[in-house]
1. Would you please put 214-226, 178-190 in order of how densely packed they are, using the mean number of other Cβ atoms within 10 angstrom per residue and starting with the highest?
2. When the helix-only estimate is applied to the chain (DSSP H runs of n ≥ 4, each -39,500 (n - 2.57), divided by the residue count), what is the mean residue ellipticity at 222 nm, nearest 500 deg cm²/dmol?
3. Hey, what did the chain get for relative contact order, percent, Cα under 8 Å, at least 6 apart?
4. Which pairs, out of 63/135; 63/86; 58/135, put more than 19 Å between their alpha-carbon atoms?
5. So if I average 1/r over every pair of distinct C-alpha atoms in region 15-92 and take the inverse, what Kirkwood radius in Å does that give?
6. For residue 60 and residue 115, calculate 0.36 nm times their separation in residues minus their Cα-Cα distance, and state this gained length in nm to one decimal.
7. How large is ³J(HN,Hα) for each residue in region 122-133, as worked out from phi by the Karplus curve 6.51 cos²θ - 1.76 cosθ + 1.60 (θ = phi - 60°), to whole Hz, x for Gly and Pro?
8. Quick one: Kirkwood hydrodynamic radius for region 68-186, alpha-carbon pairs, angstrom, one decimal?
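Since every read-out is calculated from the coordinates, none of them should be taken as a lab result. Since the model is a prediction, treat every value here as computed from it, not as a measurement. Every residue, glycine as well, gets a Cβ built from its backbone with ideal geometry; the counts of neighbours run over all protein chains shown.
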Amino acid sequence: MNGIRQNIAKIRQRIETACHKSGRNLADIKLLLATKTVSPDRIQIALETGETLIAENKVQELKEKYSALQSLPHTKHFIGHLQSNKINDLLRCDVACLHSLDRLSLAEKLQKRLTATNRTLDVLIQVNTSKEDSKFGLPPERTLDFVRQVSAYDRLQVKGLMTIGLFSAEADRIRPCFQMLRQLQEQIRAAEIPNVRMDELSMGMSGDMDIAIEEGATILRIGTAIFGARPLPDQYYWNEHPNG
Ligand SMILES: *Cc1c(COP(=O)(O)O)cnc(C)c1O
């Protein structure tokens, strides 16, 4: 349990070091705790250190932990693949930002639901920068067009882009994924699309956060390095229902 506090301190230190190295401003980087498989009492320990941002990647888990966490001040993001039939549940759990918008059918259904409940939702567009079949997200070359189309849905507030880097131990192969996301951000900014902001780059996990910071990340999604290893490999948590 104690480990969580120490791990967060280590991560904060790593962020500082990477910022120094790349001349980035510490204030421009948000730490998002990836809490899948982590129990509410352990999440509470993390929140009590002063962290405020947590993220789940399955709606079922979001629902299960909702009431246990309700009394603790925090903000919730959603970083998993979202099936349309789970939209209502997601919105009921007060999710502030969806990191995985990757298809128009989902945008359309979110817009309908948000209109009916008279609210808005921050979204990031998920891009498949590693071209691995196993990952969700738009092909990079379709991202600009997609953002243009999403901009028509006024209940969705596009804030930036998200990607999962290549699974690799080699920095030389991971870095281009993050560079690509940064280039897309610049390309989309230059297009000056109304109702679209490109402030956020959600990239970097426990294994590649230092590279992500060097390449411009503003949101780091960190699980393992804070809460320890999960019972199953990542593919299990990500690959359930492609295109579902
Ligand atoms: C679990 C998860 C993370 C965190 O990964 P770690 O390697 O445990 O830091 C980041 N992004 C997504 C989408 C995740 O599902």
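1. Working: 214-226: 22.1, 178-190: 17.8.
Going by the mean number of other Cβ atoms within 10 Å, highest first, we get 214-226, 178-190.
2. On the way: 10 runs with 103 residues, N = 244.
After summing the helix terms and dividing by residue count, I get -12500 deg cm²/dmol.
3. Values: 422 pairs, mean separation 50.3, N = 244.
Reported as a whole number, the value is 21 percent.
4. Details: 63/135 24 Å; 63/86 11 Å; 58/135 15 Å.
Checking Cα-Cα distances, 63/135 exceed 19 Å.
5. On the way: mean 1/r = 0.0719 Å⁻¹.
Kirkwood radius, region 15-92: 13.9 Å.
6. Details: separation 55, 0.36 × 55 = 19.80 nm, distance 2.37 nm.
The span from residue 60 to residue 115 would gain 17.4 nm if fully extended.
7. 6, 9, 10, 8, 8, 10, 8, 7, 9, 6, 7, 4
8. Values: mean 1/r = 0.0658 Å⁻¹.
Mean inverse Cα-Cα distance, inverted, gives 15.2 Å.
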